[in-house]
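Trainee: One structure, as structure tokens, below. Some questions next.
The values are calculated or read from the model by the stated rules, or taken from the named source; none is laboratory data. Everything numeric in this text was worked out from a predicted model, so none of it was measured. Cβ placement follows ideal geometry from the backbone for every residue including glycine, while neighbour counts extend to all protein chains displayed.
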């Protein structure tokens with residue numbers, strides 16, 4: 001095949017990757033729940049290493065999700081307005097993972113983040129009277145992924161979990177056109193095909209394009225020579241030689257995006273992408289959810305970090321290097337000293353994940369996060385919340401243990417929900433991850449270890465912005 005066909009195929013795969021991931025996520029959820037589009041599907045337990053509703057989940061909220069079909073109807077979504085002591089966030093994403101709206105007590109304080117929200121698609125018929133809604137939201141695509149997060153205020157507390165479950169059950173979803181058809185998996189995955197089909201990715205992409213085309217159809221024009229257009233995927237246009245290429249590109253794109261995302265963490269800090277910022281060797285992406293025409297960035301996030309919130313709702317910092325610039329490994333112990341006044345108005349947490357696949361770390365204690373919801377967050381004599389990362393339980397009484405693997409590489413995510421201005425501007429210094437070779441070297445005195453002078457990649461508090469576009473560093477962030 002020509003170089004042009006290869007470039008077009010790769011470009012089309014990167015462009016369409018998020019759409020396919022949303023479609024497959026929706027199909028999987030509907031199949032598991034036995035549900036349809038325009039229906040809530042809720043998770044009634046916090047995520048575990050063997051039960052994750054989405055990739056790299058938090059351990060602070062219960063997820064509920066609905067996949068809205070707005071082709072011929074609007075949808076009314078409601079959440080309770082009387083929940084004053086618990087954070088609830090609704091995230092509205094188009095079919096290509098752009099966040100076009102969110103609702104929480106941040107932007108709807110008078111109703112505690114709840115209310116009655118009317119959602120229209122590009123061609124949804126309008127309702128006669130819109131005055132009774134707290135907001136009218138215009139979606140850019142026919143398919144919308146609505147993902148909600150309901151705060152669980154205490155880890156290891158069945159009573160509190162039951163309260164969160166009861167709140168989830170009050171969420172409602174109603175179509176404005178009562179006769180609108182209830183669609184299932186067949187609207188997302190073409191009938192008569194399965195994942196063993198070499199052209200499965202492209203057939204799914206074609207079906208989804210016809211169901212929920214992009215707002216800007218001109219994005220599809222370059223892909224016409226390989227059978228992709230607003231009409232879907234034209235397999236009759238594909239020669240055997242092109243079919244072989246397309247199959248290889250689909251597999252290669254998925255593999256390469258995941259490798260790049262979980263790739264060289266040192267490069268991610270030393271040579272950040274134009275979309276990232278660095279803070280004491282932690283990486284964050286301030287434009288998460290607002291991808292625009294940055295299709296490579298959008299695909300990279302969809303590969304392992306799909307459905308991240310807008311920064312106004314949550315800021316995420318991914319930590320894969322210690323204060324000396326070395327990759328985090330389970331063979332070592334580390335400490336992180338958080339100040340007591342964490343700049344998050346909803347809650348904060350730090351969670352550990354396996355470096356190879358982004359799943360929560362298995363441990364006998366069942367501890368997957370430390371933060372606002374820890375049942376007994378310990379403050380040491382120096383006035384810090386010291387988080388100690390190691391595979392075995394610490395002997396000290398003034399540390400907060402976050403279990404890590406016994407030997408494998410791992411990474412951390414610090415989450416700030418409803419972050420304050422200093423986090424939004426990335427001027428608040430995220431505490432260093434300090435290695436301690438000998439577990440016993442950490443005394444119980446509360447003295448804070450200091451990174452050796454000159455060994456860190458950047459000095460404490462330094463915020464680095466680099467505009468150099470390096471494809472190998474584009475996709476180094478996990479949500």
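Trainee: If residue 259 meets every condition in (1) free of Cβ contacts under 8 Å to residues at least 12 places away in the same chain; (2) buried (at least 21 other Cβ atoms within 10 Å of the Cβ) apart from one, which number is that one?
Mentor: So residue 259 meets the others, but not (2).
Trainee: Restricting the first residue to the range 262-286 and requiring it to be more than 20 Å from residue 311 (Cβ to Cβ), which pairs with a second residue that is modelled with pLDDT of 85 or more and surrounded by 17 or more Cβ atoms within 10 Å (Cβ to Cβ) meet a Cβ separation below 8 Å and a spacing of at least six or different chains?
Mentor: Sorted first by the residue in the range 262-286, then by its partner, the pairs are 262/355; 262/358; 265/320; 265/321; 265/411; 266/321.
Trainee: Can you report the number of residues in the range 230-253 which are within 20 Å of residue 193 (Cα to Cα) and not in a helix (DSSP H, G or I)? Lay out the reasoning, then the answer.
Mentor: Applying the first criterion (within 20 Å of residue 193 (Cα to Cα)) to the range 230-253 yields 231-240, 242-251.
Then drop every residue that is not not in a helix (DSSP H, G or I), which leaves 231-234, 238-239.
Result for the range 230-253: 6.
Trainee: Might you check whether a residue that is within 26 Å of residue 125 (Cβ to Cβ), loosely packed, with under 14 Cβ neighbours inside 10 Å and modelled with pLDDT under 95 occurs anywhere in the range 213-226?
Mentor: no
Trainee: Right, here's the next one. Can you work out which of the residues in the range 36-54 that are closer than 20 Å to residue 70 by Cα and touching a residue at least 40 places away in the same chain (Cβ under 8 Å) is surrounded by the most Cβ atoms within 10 Å (Cβ to Cβ)?
Mentor: 37
Trainee: Can I ask one more? Identify, by number, the condition in (1) modelled with pLDDT of 95 or more; (2) assigned by TED's automatic domain parsing to the domain that holds residue 207 that residue 164 doesn't meet.
Mentor: (2)
Trainee: Looking at 435, 405, 375, 429, which one is more than 28 Å from residue 313 (Cβ to Cβ), assigned to a loop (DSSP other than H, G, I, E, B) and touching a residue at least 60 places away in the same chain (Cβ under 8 Å)?
Mentor: After ruling out the rest, the residue left standing is 405.
Trainee: Exactly one condition in (1) surrounded by 14 or more Cβ atoms within 10 Å (Cβ to Cβ); (2) modelled with pLDDT of 95 or more is not met by residue 180; state its number.
Mentor: (2) is the only condition that residue 180 fails.
Trainee: Just a yes or no: is a residue in the range 151-166 surrounded by 19 or more Cβ atoms within 10 Å (Cβ to Cβ) and touching a helix residue (DSSP H, G or I) at 6+ places or on another chain (Cβ under 6 Å)?
Mentor: yes
Results for (1) without any contact (Cβ under 8 Å) to a residue 60 or more places away in the chain; (2) buried (at least 19 other Cβ atoms within 10 Å of the Cβ); (3) closer than 20 Å to residue 93 by Cβ; (4) touching a strand residue (DSSP E or B) at 6+ places or on another chain (Cβ under 6 Å), shown as yes or no for each residue.
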residue	(1), (2), (3), (4)
307	no, yes, yes, yes
320	no, yes, no, yes
333	no, yes, no, yes
349	no, yes, no, yes
359	no, no, no, no
362	no, no, no, no
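Trainee: Just to be sure before I move on: is residue 230 closer than 23 Å to residue 120 by Cα, in contact with a helix residue (DSSP H, G or I) (Cβ under 6 Å, 6 or more places away or on another chain) and at pLDDT 95 or above in the structure I sent?
Mentor: When the stated conditions are applied, residue 230 passes them.
Trainee: Which residues, taken from the range 24-34, are surrounded by fewer than 18 Cβ atoms within 10 Å (Cβ to Cβ) and closer than 25 Å to residue 74 by Cα?
Mentor: 24, 28, 31, 33, 34
Trainee: Restricting the range 127-147 to residues that are in contact (Cβ under 8 Å) with a residue 40 or more places away in the chain and in contact with a helix residue (DSSP H, G or I) (Cβ under 8 Å, 6 or more places away or on another chain), which is surrounded by the most Cβ atoms within 10 Å (Cβ to Cβ)?
Mentor: Among those residues, the one meeting the criterion is 143.
Trainee: In contact with a strand residue (DSSP E or B) (Cβ under 7 Å, 6 or more places away or on another chain), crowded, with 20+ Cβ neighbours inside 10 Å and more than 18 Å from residue 36 (Cα to Cα) - does that describe any residue in the range 67-77?
Mentor: Going through the range 67-77, the residues in contact with a strand residue (DSSP E or B) (Cβ under 7 Å, 6 or more places away or on another chain) turn out to be 67-70, 73-77.
Filter again for crowded, with 20+ Cβ neighbours inside 10 Å, leaving 67-70, 73-75, 77.
Adding the requirement that they be more than 18 Å from residue 36 (Cα to Cα) leaves none.
No, because not a single residue in the range 67-77 is in contact with a strand residue (DSSP E or B) (Cβ under 7 Å, 6 or more places away or on another chain), crowded, with 20+ Cβ neighbours inside 10 Å and more than 18 Å from residue 36 (Cα to Cα).
Trainee: While we're here: Among the candidates 410, 416, single out the residue that is outside the structural domain of residue 88 (by TED's automatic domain parsing), in a strand (DSSP E or B) and touching a helix residue (DSSP H, G or I) at 6+ places or on another chain (Cβ under 7 Å).
Mentor: Just a single option satisfies the conditions, and that option is 416.
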